[in-house]
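Shown next, in structure tokens, is the structure this report addresses.
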Amino acid sequence: MTQTKREWVELIALSELPTDGTGRALEVGGVQLAVFLHEGSVRVLDGVCPHQGALLGDGVISRGEVTCPFHGWHFDLETGASGDGLEECVAVYESRVSDAGLVEVFAPSESA
Ligand code: FES
């Protein structure tokens with residue numbers, strides 16, 4: 001039987017996140033994530049665009065949304081909702097920065 005559990009997982013050093021409106025595409029435990037530093041806060045979203053699978057971590061932030069690099073769909077960094085009035089959205093994961101300066105995400109992982 002497969003169960004889904006959630007745990008804090010180290011992603012990347014905070015100092016490695018860009019501050020120019022771009023992000024990082026990272027895979028952790030088989031889950032693709034998009035990680036951004038926006039207005040001083042870390043945002044971690046599902047990393048795969050629900051349209052045709054582009055990596056949202058390769059997108060660019062504008063007005064609190066990430067723009068998909070393939071066809072320009074927008075997703076709110078706070079809620080994951082589409083900013084284009086579409087029903088599609090992406091999950092937003094709880095994250096924190098450890099005392100050691102590592103970005104951690106409370107992410108799902110599969111375990112048997
Ligand atoms: S793959 Fe993201 S908008 Fe098309």
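Return the Rg/Rh ratio of the chain with Cα-based radii and a Kirkwood Rh. Walk me through the intermediate numbers first.
On the way: Rg = 13.6 Å, Rh = 14.1 Å.
A ratio of 0.97.
Residue by residue, what Karplus-based ³J(HN,Hα) values in Hz, rounded to whole numbers, does segment 59-64 have, using 6.51, -1.76 and 1.60 with θ = phi - 60° and x for Gly and Pro?
My calculation for segment 59-64 gives x, 10, 8, 8, 6, x Hz in order.
³J(HN,Hα) across segment 14-23 via Karplus (A = 6.51, B = -1.76, C = 1.60, θ = phi - 60°), whole Hz, x for Gly/Pro?
3, 5, 8, 7, x, 10, 9, x, 9, x
Using the alpha-carbon centroid of each, what span in Å lies between segment 87-101 and segment 1-58?
Comparing the Cα centres of segment 87-101 and segment 1-58, I get a distance of 7 Å.
Would you mind calculating the gained length between residue 97 and residue 14 on full extension (0.36 nm times residue separation, minus the Cα-Cα distance), in nm to one decimal?
The residue 97-residue 14 span can extend by a further 29.2 nm.
Read-outs throughout are calculated quantities, based only on the coordinates presented, and are distinct from any laboratory measurement. All values derive from a computational prediction rather than experimental measurement.
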